[in-house]
Structures are given as structure tokens and as C-alpha cells.
Amino acid sequence: MNIKVKKQNSDGIVRLESSGEIKEILMSEDFLNPKDAKVSICFKGKNSSGIFELNAKEAESIQKNLKRRLALLKGTKILKFDK
């Protein structure tokens with residue numbers, strides 16, 4: 001997994017790039033407030049680690065987009081022709 005972050009601070013724009021492996025996916029849900037559910041994706045690299053959180057709506061949007069795009073890849077065929 002590669003992560004690229006761009007942040008504005010007083011000195012200007014700071015860019016950060018890191019890579020690592022996804023180690024854990026945590027789902028936190030409050031039964032009284034199901035709309036406040038969050039998905040936390042934890043990663044760790046050689047010199048970096050972190051967590052990024054998605055709310056339920058963002059996670060569903062990513063899931064729908066991935067499902068649609070993976071379906072397109074499954075329908076793709078590679079044809080080879082001899083000259």
C-alpha cells in the first residue's frame with residue numbers, strides 16, 4: 001500500500017509519501033448511533049505507521065466503486081495473435 005498526503009501549513013505545502021502493509025481493519029459501531037460507525041485501517045511500514053478512518057458512507061462508496069471496477073476486469077479478455 002502506498003500513501004500520498006499533501007498538507008498546507010504556514011511554510012507552504014508539505015508532501016509526504018509512505019508505503020507499508022495493512023495490518024488490521026477495525027470497525028467501531030455504536031448501537032445507539034449506527035450512523036456514527038467508523039472503519040479504521042491500520043498500516044505499518046519500515047519507517048512509518050498510521051491509521052486512517054472512514055465513516056460508513058465513505059466505506060460503502062469505496063466498496064461500490066471497487067465492486068464495479070473489478071467486474072470490468074473480470075470481463076476483460078486478452079487476445080494474442082500470431083503474425
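Taking the condition surrounded by 10 or more Cβ atoms within 10 Å (Cβ to Cβ) and free of Cβ contacts under 8 Å to residues at least 24 places away in the same chain, does Lys77 pass?
So Lys77 does not fit the description; no.
Could you tell me whether any residue of segment 9-22 is closer than 16 Å to Ala59 by Cβ and under 16 Å from the mean Cα position of the chain (by Cα)?
The answer is yes; a qualifying residue exists.
Please verify whether Leu66 is more than 13 Å from Ile22 (Cα to Cα), within 12 Å of the chain's Cα centre (by Cα), surrounded by 13 or more Cβ atoms within 10 Å (Cβ to Cβ) and not polar (S, T, N, Q), treating the condition exactly as stated.
no
Go through segment 1-37 and count every residue that is in a helix (DSSP H, G or I) and either surrounded by fewer than 10 Cβ atoms within 10 Å (Cβ to Cβ) or touching a Phe, Trp or Tyr at 6+ places or on another chain (Cβ under 8 Å) (or both).
Summing the residues that are in a helix (DSSP H, G or I) and either surrounded by fewer than 10 Cβ atoms within 10 Å (Cβ to Cβ) or touching a Phe, Trp or Tyr at 6+ places or on another chain (Cβ under 8 Å) (or both) in segment 1-37 gives 2.
Can you tell me how many residues within segment 38-63 are part of a loop (DSSP other than H, G, I, E, B) and surrounded by 11 or more Cβ atoms within 10 Å (Cβ to Cβ)?
Residues in segment 38-63 being part of a loop (DSSP other than H, G, I, E, B) and surrounded by 11 or more Cβ atoms within 10 Å (Cβ to Cβ): 2 in total.
Taken together, the values in this text are just the output of simple stated rules run on the coordinates, not laboratory data. Since this is a predicted model, take the numbers as computed values, not measurements. Neighbour counts are summed over all protein chains in view; Cβ atoms, including those assigned to glycine, are modelled from backbone coordinates with ideal geometry.
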